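Participant: Quick one: the structure is below, and I'll ask about it shortly.
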Amino acid sequence: MRSYGQYCPVAKAAQILGDRWTVLIVREMSFGVHRFNEMERCLPGISRSVLTQRLRHLEHIGIVERQASGAGRAVEYHLTDAGLDLKPVLTALGEWAARWAFGDPDPRELHPDLLMRWISRHVATEELPGRRVVAQFEFAIPRSRRYWLVLEPNEASVCLHDPGFDTDVFVTADTEALYGVYLGRRTLRSAMLDGLVRVEGPSTLVRAFPRWFTWSDFAPTIRAAAR
């Protein structure tokens, strides 16, 4: 960690959080990602060595602490009070970027794996049927990928393989279009009318499907900035 040589709170914050990946690691932990392997999957492009270095750095400065997971020698990483206090800071950074620095995506920035994890974090559980619902998502480009979103009354999980439950809703989507829906750049209805997202299944579930998701917390700001 290199010092800016300035006795200033902003300089100190930049010194602590300015390294590449550090802020995104804190972001993932704020969403309940605590295990090393899961964190690696949530950060496409990071190497295991860099993730290890960043976690050690955050632990050393008191933003992260290691805890026994209760399963053998495995450990989990949790935010300390200092780390939890960064949540509104991350929100403010995201709001600023959504308002002033959020243009069209580079195709290399679009990751179906990551998008599905984000969608699973923004489920309106009160709008779900009072039973388990399984939605299969298929992305055809750049290569066919399938995911199963298992929606329980109180939780949601993403499966990379068929979970063995009956599938209730089938979603076929263009990756960029569904990113746009999630981030508020377009509506689900417009994506469906343009043929970029298709939702199939029993009519009652298809009609209810748009209400199952709250989409990104930054969507309102992104929509306002687009106007």
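Participant: Suppose all protein chains stay in the model; what accessible area per residue would a 1.4 Å probe give for the chain, in Å²? Display every interim value, and only then the final one.
Facilitator: Values: 13420 Å² over 227 residues.
Result: 59 Å² per residue.
Participant: What percent do you get for the relative contact order of the range 10-114 when only Cα pairs under 8 Å and 6+ apart count?
Facilitator: 25 percent
Participant: At 1.4 Å probe size, with no ligands or nucleic acids counted, give the accessible surface of ILE25 in Å², nearest ten.
Facilitator: The accessible area comes out at roughly 0 Å².
Participant: Ignoring ligands, DNA and RNA, what percent of the accessible area of the chain is carbon or sulfur (1.4 Å)?
Facilitator: Details: 6800 of 13420 Å².
The nonpolar share, carbon plus sulfur, comes to 51 percent.
Participant: Could you pull out the trypsin sites (Lys or Arg not before Pro) across the range 85-154 that fall in loop regions by DSSP (anything but H, G, I, E, B) with no more than 11 other Cβ atoms inside 10 Å?
Facilitator: Values: sites: ARG99, ARG108, ARG117, ARG121, ARG131, ARG132, ARG143, ARG145, ARG146; in loops: ARG121, ARG131, ARG132, ARG143.
Counting only loop positions with at most 11 other Cβ atoms within 10 Å, the trypsin sites (Lys or Arg not before Pro) in the range 85-154 are ARG131, ARG143.
Participant: Check which residues have an amide H placed less than 5 Å from THR214's amide H, if you skip close sequence neighbours.
Facilitator: For THR214, whose amide H was placed from the backbone, the distant partners under 5 Å are VAL123, ALA124.
Participant: Give me the percent relative contact order of the range 99-227, please, defined on Cα pairs under 8 angstrom at least 6 residues apart.
Facilitator: 27 percent
Participant: Taking only Cα atoms, what is the 0 to 90° angle, nearest 10, from helix 87-100's long axis to the longest principal axis of the chain?
Facilitator: 70 degrees
Participant: Could you tell me the calculated FRET efficiency between HIS78 and ASP217, based on Cβ-Cβ distance and R0 = 30 angstrom, to the nearest 0.05?
Facilitator: Efficiency at R0 = 30 Å is approximately 0.90.
Participant: Can you tell me the equivalent ellipsoid semi-axes for the chain? Use √(5λ) from the Cα gyration tensor, largest first, whole Å.
Facilitator: Values for the chain, descending: 34, 22, 16 Å.
The values are calculated or read from the model by the stated rules, or taken from the named source; none is laboratory data. Predicted model only: the values in this text are computed from it and were never measured. Here Cβ is always computed from backbone atoms with ideal geometry, including for glycine, and neighbour counts include all displayed protein chains. To get the accessible areas, we keep the full protein, side chains included, count just its heavy atoms, and leave off ligands, DNA and RNA. Shrake-Rupley method; radii C 1.70, N 1.55, O 1.52, S 1.80 Å.
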